Amino acid sequence: MDKFIYKKSAGITALAASITDFTYKKHSHKEYAIGVTLRGIQHYNLDGSLHLSYQNGVMLFNPEQAHDGMAHDETGLDYVMLYIEPQLLLEVIEKKDIIRFSNPIVYDYRLKQGILSLSNAILSEKDEALCSELLLSLTDNLIQTDLSTDYKKDNTLIRKAKDMLHTNLETIPKLDEICKELDLSKFKFIRLFKTHTGISPYQYFLNCKIEYAKQLIEKNRDIHSAVAECGFVDLTHLNKHFKSVYGTTAFEYISHLN
């Protein structure tokens, strides 16, 4: 049976998941996502390549790195994941520029233990002070892995397009208006956007809506206001899209938080 448990502490979201049949739709997170495969094989596509994380594999996702995810076979999969805001991670490691993980999967015992210690502390609702200490300890091991500050930054046009897609999450973006602003044909824009982000402009827009709904639910503990503010047709519509990215409905997610 598929199971997803989310908890949040010290600005970090922890997820404990068991998957047999569930498949994540292609999506991205604005946070760094780091996790450990506990049982089975995690199967996902990232940057145009298939990756398999076996037991004890540490998975490292950069912000806005599009990926999907599923169990590799019918035996299923157990894993934990931590979602850390970029500004929080940079504050802890005392860096100003965004860092990138060069390798999507590493097998490192100390890093694995750090992730497990922090995720266990958050999931079992330990004191926030302890969670912050464990984050510091984890990042000490993290910065010894293969990190890079040299990476392909967003094309200026793509950054502008992302800003325009973010501006109004209530209404479906009008590609014609964006393309006119960027002075690109519609199909050239879609192709360029997918090349840079791994997902289409509409998928990116939908991701932003779902992520914003999640933020509102965490802040206000009110699903219905999130439905209205993010322009979803109704709660069923939000739940369907929320589940495709987070494995759980918005209704189930809020029950974990309370």
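The values are calculated or read from the model by the stated rules, or taken from the named source; none is laboratory data. Values in this document were obtained by computation on a predicted structure and should not be read as measured data. Please note: Cβ atoms are built from the backbone with ideal geometry, for glycine as well, and neighbour counts cover all protein chains shown. Surface areas here come from the heavy atoms of the whole protein model, side chains and all, with no ligands, DNA or RNA. Shrake-Rupley method; radii C 1.70, N 1.55, O 1.52, S 1.80 Å.
Tabulated data
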| item | result |
| --- | --- |
| Filter result for the condition that a residue is more than 29 Å from Gly11 (Cα to Cα), open to solvent by 80 Å² or more (accessible area, probe 1.4 Å) and either assigned to a helix (DSSP H, G or I) or among the charged types (D, E, K, R) (or both), over Lys160, Lys188 | Lys188 |
| Those residues of the range 163-178 which are open to solvent by 40 Å² or more (accessible area, probe 1.4 Å), within 18 Å of Ala228 (Cβ to Cβ) and of a type in the set (A, V, I, L, M, F, W, C), in sequence order | Ile172 |
| Flag if Leu82 is in contact with a Phe, Trp or Tyr (Cβ under 9 Å, 6 or more places away or on another chain), at negative phi and crowded, with 21+ Cβ neighbours inside 10 Å | yes |
| Residues of the range 163-185 satisfying the condition of being over 25 Å from Lys240 (Cα atoms), part of a loop (DSSP other than H, G, I, E, B) and of a type in the set (D, E, K, R) | Asp183 |
| Hits in the range 227-244 - residues which are modelled with pLDDT of 90 or more and open to solvent by less than 10 Å² (accessible area, probe 1.4 Å) | Leu238, Phe242 |
| In the range 201-226, the residues that are without any contact (Cβ under 8 Å) to a residue 24 or more places away in the chain and either over 12 Å from Lys30 (Cα atoms) or buried (at least 23 other Cβ atoms within 10 Å of the Cβ) (or both) | Leu216, Lys219, Asn220, Asp222, His224, Ser225 |
| All positions within the range 128-145 that are hydroxyl-bearing (Ser, Thr, Tyr) and assigned to a helix (DSSP H, G or I) | Ser132, Ser137, Thr139 |
| Restricting the range 135-157 to residues that are of a type in the set (A, V, I, L, M, F, W, C) and open to solvent by 40 Å² or more (accessible area, probe 1.4 Å), the residue that is modelled with the lowest pLDDT | Leu147 |
| Asp47 vs. criteria loosely packed, with under 14 Cβ neighbours inside 10 Å, closer than 22 Å to Tyr246 by Cβ and modelled with pLDDT under 95 | yes |
| The range 85-95: number of residues that are in contact (Cβ under 8 Å) with a residue 12 or more places away in the chain and open to solvent by less than 40 Å² (accessible area, probe 1.4 Å) | 5 |
| Whichever residue in the range 22-36 is outside any strand (DSSP E or B) and within 9 Å of the chain's Cα centre (by Cα) and, among such residues, is surrounded by the fewest Cβ atoms within 10 Å (Cβ to Cβ) | Lys30 |
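Listed here are the residues, each with its yes/no results for (1) part of a loop (DSSP other than H, G, I, E, B); (2) within 16 Å of Leu15 (Cα to Cα).
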residue	(1), (2)
Leu52	no, no
Asp73	yes, no
Tyr83	no, yes
Leu90	no, no
Lys95	yes, no
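Here is a yes/no grid of residues against (1) under 17 Å from the mean Cα position of the chain (by Cα); (2) open to solvent by 30 Å² or more (accessible area, probe 1.4 Å):
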residue: His43; (1), (2): yes, yes
residue: Val58; (1), (2): yes, no
residue: His67; (1), (2): yes, no
residue: Leu77; (1), (2): no, no
residue: Asp97; (1), (2): no, yes
residue: Arg100; (1), (2): yes, yes
